[in-house]
Amino acid sequence: MRNVLLWILAFLTTVAVLVYQRITGPTYEKRVKVEIAGETVSAKLLRTHAISADCPVRVSVPDPEIEGYVAYKRFPTEDPWTRLDMLREDGDLVAYLPKQPMAGKLAYRVILSHRSQEIVLPSGDPVVMRYKGEVPGWVLFLHILVIFGALFMAFRTGFESLRKQGKVRRMAFITVGFLFVGGIILGPLMQKYAFDAWWTGFPLGKDLTDTKTLFALLSWILALIAGRGGRPARGWYIAAFVCTLIVFIIPHSVLGSELDYSTLEQPEQTAFFKNSTAT
């Protein structure tokens, strides 16, 4: 009965961590809601989009007297802000941010106005949008499935290691297998499709998604090495469990791939402002 409860606890913990990853990561849309002219206005401002098309910025504004525009610039650059007027589509105000190369980013804000009143969305820092290549559905599905399995087994093994007589070595081997396939094989494959780079974490870059997966994997490998030959290594397994929990609490895609716009040729930079009016 205790084993069943531990499997259920591991499953629930895994789901909770993955939901947390989803809602805290920098690719999750920015939800905003404000009042203007006595009317509630809401929007989901996107923070990731495919390179194959311009990115829609859509705000639900039924009142036809409310107007708006988007101010945007390449990120991180010293470019001046560029104005993009919003047009009406089915009761919404809509503008389309120009598509960018892989890992290109745009910082943007929405400015709504009604007579003398003006509202900026969001009220704080601008939203940062990152463009990525299309990832085949089968790659995305396998990556999510295997990473779920890796986290599930890491938590189940960790809970087992907290028991004084817990048998964790076989579970730890399975955990390492999932982490290796999900993070070292499928992870770089995802990265290649999305940003045309196999690995951008330590020691080649600063991508925390790659780096944290690597450190989680290494922590479990060290635990297995410490426990070889039947040696007591309960503390090592607990440490690997804690390390995995810490690295997966770090939001997904933080310090991810980012295009250096200074490396682009001048014609491509100039084209960025074509048909736009600077604010």
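The values are calculated or read from the model by the stated rules, or taken from the named source; none is laboratory data. Keep in mind it's a predicted model, so treat the numbers as computed, not measured. Cβ atoms come from the backbone with ideal geometry, glycine included; neighbour counts cover every protein chain shown. With ligands, DNA and RNA removed, areas are computed over all heavy atoms of the protein, side chains included. Shrake-Rupley method; radii C 1.70, N 1.55, O 1.52, S 1.80 Å.
Measuring with a 1.4 angstrom probe and ignoring ligands and nucleic acids, I184 comes out at about 50 Å² accessible. In order along region 195-212, the Karplus-derived 3J(HN,Hα) couplings, from 6.51 cos²θ - 1.76 cosθ + 1.60 at θ = phi - 60°, round to 10, 6, 8, 6, 8, 10, x, 4, x, 8, x, 10, 5, 6, 5, 5, 5, 5 Hz, and Gly and Pro are given as x.
Here is how the number arises for the chain: DSSP H runs of 4 or more residues each give -39500 (n - 2.57), the sum is divided by the residue count, and the result at 222 nm is -13000 deg cm²/dmol. Once all protein chains are placed together, S123 keeps about 120 Å² accessible to a 1.4 angstrom probe. Partners of K30 within straight-line reach, counting lysines whose Cα lies under 21 Å from its Cα and excluding those fewer than 8 residues away in the same chain: K44, K73, K99, K105, K132. All C-alpha to C-alpha distances of the chain, sorted into 5 Å bins beginning at zero, yield P(r) values of 1, 5, 11, 14, 14, 12, 11, 9, 8, 6, 5, 3, 2, 1, 0, 0 percent in whole numbers. Length gained on full extension, V139 to S60, computed as 0.36 nm times the residue gap minus the Cα-Cα distance: 25.0 nm. A cut-off of 5 Å between modelled amide H atoms, ignoring neighbours fewer than 5 places along the same chain, links L259 with G104, K105.
A simple spin-label model places the labels of A50 and E89 1.5 nm from each other, with each point 7 Å out along Cα-to-Cβ.
With the whole protein complex present, I238 retains an accessible surface near 50 Å², based on a 1.4 Å probe. One quarter of the convex hull surface built on the alpha carbon atoms of region 97-136 amounts to 3.9 nm², the projected area averaged over directions.
Accessible surface calculations at 1.4 Å, restricted to protein heavy atoms, place the chain at 54 Å² per residue. Take each peptide in 189-201, 211-223, count the other Cβ atoms within 10 Å of every residue, and average; sorted highest first, the result is 211-223, 189-201.
The label-point distance for L204 and S116, in a model that sets each label 7 Å from Cα toward Cβ, rounds to 5.9 nm.
FRET efficiency for the W7 to R170 pair, using the beta carbon distance and R₀ = 22 Å, is estimated at 0.90. Label-to-label distance, I23 versus I225, with points set 7 angstrom from Cα along the beta-carbon direction: 3.9 nm.
Residues whose amide H comes within less than 5 Å of that of C55, counting only those at least five positions distant or on another chain, are L97, K99 (H built at 1.01 Å from N in the peptide plane). In plain terms, if you count all Cα to Cα distances in region 36-80 and split them into 5 Å steps from zero, the share in each step is 5, 15, 21, 21, 17, 11, 9, 1 percent. Shown here is the pair-distance distribution of region 69-182: with all Cα-Cα distances grouped in 5 Å bins from zero up to the longest one, the shares run 2, 10, 12, 12, 10, 8, 8, 9, 9, 8, 6, 4, 2, 0, 0 percent. Under a no-solvent Debye model with one identical scatterer per Cα of region 105-236, what's log10 I(q)/I(0) at q = 0.19 Å⁻¹? At q = 0.19 Å⁻¹ the computed log10 ratios are -1.04. Amide hydrogen proximity for I66: with H placed 1.01 Å from N in the peptide plane, no residue at 5 or more positions away or on another chain lies under 5 Å.
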